[in-house]
Amino acid sequence: MYGQQIRKLRKEHNLTQSKLAEILCTTQSTIGKLEREELEPNIEMIIKISKLFRVSTDYLLGLEDEYGLAMDQKEIFSFEYKHGETKLIHHERREKK
C-alpha cells in the first residue's frame, strides 16, 4: 500500500522519481523500488515523505485514508452537490457495523 501512496503523492505534486529522490537525498532507483514495494521504507524515510507531502505516516502506510479515518474501522459516505459554479462535497463518517 505504501508504494501506491508514494506514487500517488509524487504524481499529484508533478514530481518525477528523480526529482523526488533529489529532494529526499536518495536515488531514483530507491524511489522506484519503494513505489513497486520491492523495498520497505525505513522510519526516517517514512517521516521525510510524510512531512514533504504533509500527510500522516498512517496514510502513507495505508492505515488511514486522506480524511484521517482508520481504513478498517470506519466508512465514508460522500456526495457532491453542484449549483452553478459552486461545488459542495459532503463527507460523513460512520462506524462500520
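What to note about this one:
- Global form of region 2-60, assessed from the alpha-carbon gyration tensor, a/c cut-off 1.5: rounded
- Cα centroid separation, region 1-26 to region 28-48 (Å): 9
- Where labels lie 7 Å past Cα in the beta-carbon direction, separation of residue 51 and residue 12 in nm: 2.0
- Distances between placed amide hydrogens fall under 5 Å for residue 64 paired with 59, 71, all partners being 5 or more residues away or on another chain.
None of the figures in this text is laboratory data; all of them are computed from the coordinates on show. Everything numeric here is computed off the predicted structure, so don't read it as measured data. Note that each Cβ is placed from the backbone with ideal geometry, even for glycine, and that neighbours are counted across all protein chains shown.
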